[in-house]
Structures are given as C-alpha cells and as structure tokens.
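**Q** Could you have a look at this structure, given as structure tokens, before my questions?
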C-alpha cells in the first residue's frame, strides 16, 4: 500500500495538481489507485475482446515462419518484457501466448501501443516480421495442467 501511495504522491506532485492535499486526506485514496491499476491490467483483453479458450485467437491467419519469428522475438527485444516464449506477465508487459488476440488486433497494437511499449512502425518492423513473430507466439504450447504434474499432486494430497 505504501508503494502505491508513494507512486501516487510522486505523480500528483509532478503534475502540480492543486488538489493534492485534499486527495491525500481522502481515506480511500490508495484503494482507488489499486482499482485503477487493476482496470489497466485487464483493459487489453476488454478492448480486443479475445478471451482465453474461446477459439477467437485462432481465427486469424498470419502465414508466418515460426523459427524466424523466434529469432525476431529475441532480436527486437520482445522477450525483455514478455518472456522468452511470450508467456510471462509482468509489470513491464502482459503475457502474449499461448492465448493470442487475433492477428489484426495484434498488429494494430504493435503499431500503436498504449502504455510503455515502444511503437514498431512499418519502417522498424515489417509486416512479414510481425507475422513471423505472431506465428512463433501461436506455436507456444499451453503449460501442463497442475493436476498432471506429479510433485504438485503430492503436495496437494498431503494437505
């Protein structure tokens, strides 16, 4: 809570907001910012409408090369925020795989991202490179279910 409060303090002071002191006295100020952060984390799936497991992610074809896409994913530095397979959700970036948004929405977001992701215009990343990266992400398998991992079943069974 203190981290969120300190972050909010820095933002409001930097912006020069005159109402800073009034907002600071408001008891639910930290809770409000937690709600705002939670909405921002879930916003991409709300915008693009793709939900994991609905089959929407497989309706678009990208006609890319999986192996080349893996190399490009590393070359463009995508792994730094999204992990080596696109499966890592972090503060820097959401998990991209294995449940992908449609290719058209993926391409549009890469060209005009929201938040801290850099823009990859056509001159920086070609449409073919983008299709290759999408194909690489699409080839990422789902992780195994927890109940299929013996060591996890052993721990769960002892409780």
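The values are calculated or read from the model by the stated rules, or taken from the named source; none is laboratory data. Remember, predicted model here, so these are calculated numbers, not experimental data. Every residue, glycine as well, gets a Cβ built from its backbone with ideal geometry; the counts of neighbours run over all protein chains shown.
**Q** Kindly list, by first and then second residue, each pair from a residue in the stretch 106-135 that is in the same structural domain as residue 64 (by TED's automatic domain parsing) and free of Cβ contacts under 8 Å to residues at least 40 places away in the same chain to a residue that is assigned to a loop (DSSP other than H, G, I, E, B) and surrounded by 12 or more Cβ atoms within 10 Å (Cβ to Cβ), limited to pairs with Cβ atoms under 6 Å and residues at least 6 apart or on different chains.
**A** That search, which allows pairs on different chains as well, returns 110/120.
**Q** Let me ask something else about it. Yes or no: residue 147 in contact (Cβ under 8 Å) with a residue 12 or more places away in the chain, over 18 Å from residue 87 (Cα atoms) and not in a loop (DSSP other than H, G, I, E, B)? Full working, then the answer.
**A** Numbers: in contact (Cβ under 8 Å) with a residue 12 or more places away in the chain: no; over 18 Å from residue 87 (Cα atoms): yes; not in a loop (DSSP other than H, G, I, E, B): yes.
The answer is no for residue 147.
**Q** Pick out the one residue from 86, 77, 64 that is modelled with pLDDT under 90 and either surrounded by fewer than 17 Cβ atoms within 10 Å (Cβ to Cβ) or at negative phi (or both). If you could, list the steps in order and put the result at the bottom.
**A** On the way: 86 fails: either surrounded by fewer than 17 Cβ atoms within 10 Å (Cβ to Cβ) or at negative phi (or both); 77 fails: modelled with pLDDT under 90.
Every option except 64 fails the conditions.
**Q** Now a separate question. Filter the stretch 106-144 down to residues that are touching a helix residue (DSSP H, G or I) at 6+ places or on another chain (Cβ under 7 Å) and in a helix (DSSP H, G or I), then give me how many there are.
**A** Residues that pass the stated criteria total 10.
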